[in-house]
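S.K.: This structure is in C-alpha cells; I'll ask about it shortly.
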Amino acid sequence: MENKKQNCSLEEHNEIDATNFCPICKIYICNKCEKYHSILFKKHQLLSLDKDINEIFTGFCKIENHNNELDYFCKDHNELCCAKCISRIKRKGNGQHINCNVCNIEDIIDEKKNNLKNNINTLKELSNTFQSSIDKLNIILENINNNKEKVKLEIQKIFTKIRNELNNREDELLLEVDKEHEKMNFNDNILKESQKLPNKIKLSLEKGEKLINEMDNNINLNSLVYDCINIENEIKNINLINEKIKKFYSINTQIKFNSENKEDILESIKKFGYINEENDNIIDINNNMNILEFNDNKIECIKKISDHCGHGNTYVYDGICFFISKQNEYVLSYIDSNSSNKSIIFYDINQNKEIKKFNNAHEKGIHSIRYYDYKLYDIILTTSHNNDIKLWNYNEGLNIITISNIFNDEYGVYSSCLLFENNSFYIICVGERDYIKIYDHSGNYVKNIGNNEEKRRYINIFEIIQNKYIISGGTKGINVFNYPSFTNYNCFIEENDNSYHNYAKIIKNNNIYNLIDVGHFNKIKIWDFFKKNLIKIISSNNNSILRGFIMINNIYLIIGSDDKNCKIFDINNGILIKEFNKHSSQVLGIKPIIDINKNKYFVSYGKDKNIYLWSLNQNLLK
C-alpha cells in the first residue's frame, strides 16, 4: 500500500511533509517542529510516520473530508466512527453507519475491557499452543528436508551401483571380443608369409629354368641335384602356406554383439524407480483420498456415465474399477449389462468415450473387476458366475491366465485379489461356501485357508508397516490372515453376529490403525486392528444395508446404501452428516476417481445399472 503523505499541522509549515504524529496533541509535526515539541512536551510519545500512515491511530477518522474525532462505536461493524459517519445527511461519504447500532465510546469501554481480559487469556493460550505448533512445524520441515536428502542419496547409490555394473559388463564384453578375435587369428605369421610367396615363387621359377639349361650340359651334377631338392622343398612350403590360407575361406569372420532385448532394457531404464509420498500406513490404492479443505456441501453430481453397468445383483461389490493406464488413459472399467453381463467396457473419463471392450470375457455374468499395475503391463483381474477367474493384459487385450472349476457351487467366484511378492504373485479368491483358495502366478493350486462353512463375498490385501494381511468378509465377520504363514490373525466379529460383512478396509486415524467394517448389520463398526477390540459403532439411522466406501482425509466415510442414498459419516464424532442420491435403486458401491489435473471425484454405481460421477473438490472434468 502506498504511504499517503500528511502535511504539518502548524499553519506556517502546512506545505512541509509531517514526520511524526502526537497522539496526545493530535497534531502532525514536521522535522522543524519536532525539536520544540519534544522540549515543551517531554512526556509525549511521538509516532513516526516512516510507515503507512493508515496504520497509525491518530484518533481522527481517516475517511476523506471527515477529519473528525472518533467519538462513536458501531456495534454492527465493530469499529470506531465519527459524527459524519453517523450523520443523517448522506453526502460526500457521510452516513455510512446511519442505520447501525451506534453508541458513545464511554458506553462500550466496560464491555471492551471485559473482552480484553478474556482475549489476554486467549492470547496466552495461543502463545503456548502456537509456539508448540511452530516447534512441531520446524521438526516436520527438518524431517522433510532430511527425507529429501536421504531419498536423493538413495537414488545416487542405486544408480552408481547400476553404472558400476554396466561398466563391468562392458569390460567383460570387450574382453570377449578380443578372445573371439584371437580365435580367428590362430597364426599371426600366415599373412606375413603369404605376402612373401609371390616373390618366392618368382625366384624359384627363375632358378628352375636356369637349372634346366645347366643340366643339359652335365656340369656340376651334384650341385644341380641339390638345387632341385631346394626347389621341391620350396614348393612344399608354398603349398603348406596356401593350405593355411584356404582354411580362412570357411571361417566366420564376423563377431556379433547380441543385445536381444535392448529396447526392453531402455524402456525399463526409463521407468526404473518412481517417487511418491511415503506412506507407512496401509498400501491400498482405494484406501484414502486426501482433500484440502474438504467440504461436503461442495459434493455434486456432474453427469451420468452409463446406464448399463453390471447385472444388478446385490452381491457385486467390485463391479467397477478405475486406473490410469500405461498409455495415460484415465480408465473406468465396468461390467456391460447390454451384453448379458459377460463383457467389460473400458471408458476414458477425460475423453468421455469408450476406448476398449472385452467381448464375452466370461461364459457367465462377471462378479468383480480389479486392476493391478504389474511391471510394464496393466493387469485386469475378473471373477465370474461361471466359477472361474481370468487375468488379462489390458494393453494387448489378451487373456493371460484362466483358472476354472474353483468352487463346487452354483454361485461362482465372488471376489479375488492378487498378493504380490518380489517378482511374482498369488491369486486369492472366495466364493459362497468353501475355503479361501490360493493359486500361484501360473494358475496352479497352492492351498486352502480358513474354513469351508463360511459364505464369503469380499477379499483384499493390506500391507501395514511392511506386514501383509489377507482380509476376507463373510457371514462370520471379517477374517484376517497373516502372510506368508497364511495363519489366522484374528476374526473381527461381535457375539451372535451372523450378518454378511460386505466390505472392510484399514485406515490410520490419530496414529491408530482402524479396521472399518460394513455390511448387512446396518451399522459401521470401527475396530482397533492391533488391539483387536471394537472401538465404536456408528448407526446409519435406518435399516439400510451398507456396501462399499471411500475415505476422505481418514475422517469422512462416503458409503453406498440400499436405501438408494450415498451417505457421509464423520467417524471421529460417530455421526451421519449428510445423505444424497441420484440412483433409483440400491447403491452397490463407490470408487474413487482422479482426473488429469489431479482433481478428486468418485463414482457410484447401483442396481439400477447407472453410474454417476460426483465432484469432491473442483468441478473440472468436462
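S.K.: Could you tell me whether residue 398 is surrounded by fewer than 13 Cβ atoms within 10 Å (Cβ to Cβ) and touching a Phe, Trp or Tyr at 6+ places or on another chain (Cβ under 8 Å)?
M.R.: yes
S.K.: With the requirement that a residue be buried (at least 16 other Cβ atoms within 10 Å of the Cβ) and either in contact with a helix residue (DSSP H, G or I) (Cβ under 6 Å, 6 or more places away or on another chain) or of a type outside the set (A, V, I, L, M) (or both), what does the range 375-392 give you?
M.R.: 377, 378, 382, 383, 384, 385, 386, 387, 388, 390, 392
S.K.: Looking only at the range 576-590, decide whether some residue is in contact with a Pro (Cβ under 9 Å, 6 or more places away or on another chain) and surrounded by fewer than 23 Cβ atoms within 10 Å (Cβ to Cβ).
M.R.: No, the conditions are met nowhere in the range 576-590.
S.K.: Right, next: Quick check on this structure: which one of 564, 578 is part of a loop (DSSP other than H, G, I, E, B) and not assigned by TED's automatic domain parsing to the domain that holds residue 433? Can you show your working first?
M.R.: Numbers: 578 fails: part of a loop (DSSP other than H, G, I, E, B).
Answer to the selection: 564.
S.K.: Can you name the number of the only condition in (1) modelled with pLDDT of 85 or more; (2) assigned by TED's automatic domain parsing to the domain that holds residue 233 that residue 163 fails?
M.R.: (2)
S.K.: Let me ask you something else. Would you mention how many residues in the range 360-378 are over 11 Å from residue 391 (Cα atoms) and of a type in the set (Ser, Thr, Tyr)?
M.R.: The qualifying residues number 3.
S.K.: For residue 550, state whether it is more than 26 Å from the chain's Cα centre (by Cα), part of a strand (DSSP E or B), under 24 Å from residue 479 (Cβ atoms) and hydrophobic (A, V, I, L, M, F, W, C).
M.R.: Details: more than 26 Å from the chain's Cα centre (by Cα): no; part of a strand (DSSP E or B): yes; under 24 Å from residue 479 (Cβ atoms): yes; hydrophobic (A, V, I, L, M, F, W, C): yes.
In short, no.
S.K.: Residue 28 fails exactly one of the following numbered conditions: (1) under 26 Å from residue 84 (Cα atoms); (2) part of a loop (DSSP other than H, G, I, E, B); (3) in the same structural domain as residue 96 (by TED's automatic domain parsing). What is the number of that condition?
M.R.: So residue 28 meets the others, but not (2).
S.K.: Could you please give the count of residues in the range 403-441 that are of a type in the set (Ser, Thr, Tyr), out of contact with any Leu (no Cβ under 8 Å at 6 or more places or on another chain) and either surrounded by 17 or more Cβ atoms within 10 Å (Cβ to Cβ) or within 24 Å of residue 360 (Cβ to Cβ) (or both)?
M.R.: Summing the residues that are of a type in the set (Ser, Thr, Tyr), out of contact with any Leu (no Cβ under 8 Å at 6 or more places or on another chain) and either surrounded by 17 or more Cβ atoms within 10 Å (Cβ to Cβ) or within 24 Å of residue 360 (Cβ to Cβ) (or both) in the range 403-441 gives 6.
S.K.: Of all residues in the range 58-76, which are of a type outside the set (Ser, Thr, Tyr) and buried (at least 18 other Cβ atoms within 10 Å of the Cβ)?
M.R.: Narrowing the range 58-76 to residues of a type outside the set (Ser, Thr, Tyr): 59-71, 73-76.
Correct list: 61, 66, 70, 73, 74.
S.K.: Output the residues belonging to the range 2-52 that are without any contact (Cβ under 8 Å) to a residue 12 or more places away in the chain and surrounded by 13 or more Cβ atoms within 10 Å (Cβ to Cβ).
M.R.: Listed by number, the list holds a single entry, 38.
S.K.: Can you find a residue that is touching a Phe, Trp or Tyr at 6+ places or on another chain (Cβ under 6 Å) and part of a strand (DSSP E or B) anywhere in the range 492-499?
M.R.: Checked the range 492-499: at least one residue is touching a Phe, Trp or Tyr at 6+ places or on another chain (Cβ under 6 Å) and part of a strand (DSSP E or B).
S.K.: Name the single residue that is farthest from the chain's Cα centre (by Cα) among those in the range 358-370 being surrounded by fewer than 16 Cβ atoms within 10 Å (Cβ to Cβ) and closer than 18 Å to residue 396 by Cβ.
M.R.: 360
S.K.: Still on this model: Here is a check on your reading of the model: is residue 147 in contact (Cβ under 8 Å) with a residue 60 or more places away in the chain, part of a helix (DSSP H, G or I), among the polar types (S, T, N, Q) and not assigned by TED's automatic domain parsing to the domain that holds residue 22? Steps first, answer last, please.
M.R.: Details: in contact (Cβ under 8 Å) with a residue 60 or more places away in the chain: yes; part of a helix (DSSP H, G or I): yes; among the polar types (S, T, N, Q): yes; not assigned by TED's automatic domain parsing to the domain that holds residue 22: yes.
For residue 147, the condition - in contact (Cβ under 8 Å) with a residue 60 or more places away in the chain, part of a helix (DSSP H, G or I), among the polar types (S, T, N, Q) and not assigned by TED's automatic domain parsing to the domain that holds residue 22 - is met.
S.K.: Against the condition closer than 30 Å to residue 615 by Cβ, at pLDDT 90 or above, surrounded by fewer than 19 Cβ atoms within 10 Å (Cβ to Cβ) and of a type in the set (Gly, Ala, Ser), how does residue 343 come out, does it pass?
M.R.: Spelling it out, residue 343 is indeed closer than 30 Å to residue 615 by Cβ, at pLDDT 90 or above, surrounded by fewer than 19 Cβ atoms within 10 Å (Cβ to Cβ) and of a type in the set (Gly, Ala, Ser).
S.K.: On to the next question. Going by the conditions given, is residue 615 surrounded by fewer than 21 Cβ atoms within 10 Å (Cβ to Cβ), among the hydroxyl-bearing types (Ser, Thr, Tyr) and over 15 Å from residue 294 (Cα atoms)?
M.R.: The answer is no for residue 615.
S.K.: Which ones in the range 494-512 are more than 18 Å from residue 289 (Cβ to Cβ) and among the aromatic types (Phe, Trp, Tyr)?
M.R.: Selection gives 500 alone.
S.K.: Can you name every residue in the range 1-18 that is assigned to a loop (DSSP other than H, G, I, E, B) and in contact with a strand residue (DSSP E or B) (Cβ under 7 Å, 6 or more places away or on another chain)?
M.R.: Result: 5, 6, 8, 9, 14, 15, 16, 18.
S.K.: Counting only residues that are under 17 Å from residue 518 (Cβ atoms) and of a type in the set (Gly, Ala, Ser), how many does the range 566-622 have?
M.R.: So the count comes out to 4.
S.K.: How many residues does the range 317-339 hold that are among the hydrophobic types (A, V, I, L, M, F, W, C) and surrounded by fewer than 18 Cβ atoms within 10 Å (Cβ to Cβ)?
M.R.: Residues in the range 317-339 being among the hydrophobic types (A, V, I, L, M, F, W, C) and surrounded by fewer than 18 Cβ atoms within 10 Å (Cβ to Cβ): 1 in total.
The values are calculated or read from the model by the stated rules, or taken from the named source; none is laboratory data. Computed from a predicted model, the values in this text were never measured in an experiment. Neighbour counts run over all protein chains shown; Cβ positions are idealised from the backbone, glycine included.
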